[in-house]
């Protein structure tokens, strides 16, 4: 009998590892419990059994800090593994957008082949990846299923990344893209009065910033869909210590992302709302759905942001998926709790 352990698993090809992982996740509960060992309980929360199996078999070493190239490659390789399947009925096309410095980014539009050609509600989507990684492709399946389930057009923004383009370039790209989309609604076949902004992690940061900065525009967002948002770069909340290692996103990695995005933090005001939207003027911003993972260094700041939105009079729904780790939106193809969360997101979009 072959003994399954991390050392021989990592000798397999990526394709073989992914196939094995999916088969493991579909085992009966009792079998998964034998592989996973004792349940992981922290702060009254129990970690998802299937994901505990994944970490037991494939988890990275604690405090592993990759190179920028390695981080980007890992995000691209891992993003689709537990995500949903491609949808033949979703049509994709791309639009170039020239920035004020003369460089060009891409906007990728997703819409159902049977959707009306005009006046569709739309989600402007910003991918996660710590402002260092992620891309249109890493979140392609997510956007397909948001467009399909949410019955809307999704326009994903390929904003530029640090360290080549540190703050404030990514934020400026995100703002420019939103305002361009809103002012060219006819070009995209959308209704400028039914726009949402959304994203995960760093993309949630960007969506929150855009919602604040455009609240007095002619066509402000009508909804914020903030998935595990990174909203405070000024310090570390208690959840950074509680989930410092072992749950896919680690404290040391967050510090690494912050360093690459902000550069010399002594020269950046980390309480500037363009950096940390938790310090912004929240009155009058769009209604928000804030989706937080229980086993995530960013858990506490996400909850605090939702509470601050509520205190400012913003119609806010806070959902805490207490068994989930960071970026669980990418697991909605295989993990039951992630499927529930994804359905919550598309139901919010249907109300646009």
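The values are calculated or read from the model by the stated rules, or taken from the named source; none is laboratory data. Quick caveat, the model's predicted, so the values are computed rather than measured. Please note: Cβ atoms are built from the backbone with ideal geometry, for glycine as well, and neighbour counts cover all protein chains shown.
Mind listing whichever residues of segment 195-213 are in contact with a strand residue (DSSP E or B) (Cβ under 7 Å, 6 or more places away or on another chain) and either surrounded by fewer than 20 Cβ atoms within 10 Å (Cβ to Cβ) or assigned to a helix (DSSP H, G or I) (or both)?
Passing the criteria: 203, 204, 206, 207, 208, 210, 211.
Within the group 320, 314, 275, which residue is assigned to a loop (DSSP other than H, G, I, E, B), farther than 29 Å from residue 166 by Cα and modelled with pLDDT of 95 or more?
The unique qualifying residue is 314.
Could you pull out the residue among 245, 317 that is more than 22 Å from residue 197 (Cβ to Cβ) and surrounded by fewer than 18 Cβ atoms within 10 Å (Cβ to Cβ)?
Exactly one of 245, 317 is more than 22 Å from residue 197 (Cβ to Cβ) and surrounded by fewer than 18 Cβ atoms within 10 Å (Cβ to Cβ), namely 245.
Does segment 249-261 contain any residue that is modelled with pLDDT of 95 or more and crowded, with 24+ Cβ neighbours inside 10 Å?
Scanning segment 249-261 turns up at least one residue that is modelled with pLDDT of 95 or more and crowded, with 24+ Cβ neighbours inside 10 Å.
Can you name the condition, by its number, that residue 348 falls short on among (1) surrounded by fewer than 17 Cβ atoms within 10 Å (Cβ to Cβ); (2) closer than 17 Å to residue 222 by Cα; (3) touching a strand residue (DSSP E or B) at 6+ places or on another chain (Cβ under 9 Å)?
For residue 348, the exception is condition (1).
If I filter segment 44-85 down to residues being in contact with a helix residue (DSSP H, G or I) (Cβ under 6 Å, 6 or more places away or on another chain) and farther than 16 Å from residue 21 by Cα, which single residue comes out as modelled with the highest pLDDT?
Checking each candidate, the answer is 65.
Would you say residue 309 is surrounded by 18 or more Cβ atoms within 10 Å (Cβ to Cβ), touching a strand residue (DSSP E or B) at 6+ places or on another chain (Cβ under 6 Å), assigned by TED's automatic domain parsing to the domain that holds residue 346 and at positive phi?
No, not satisfied.
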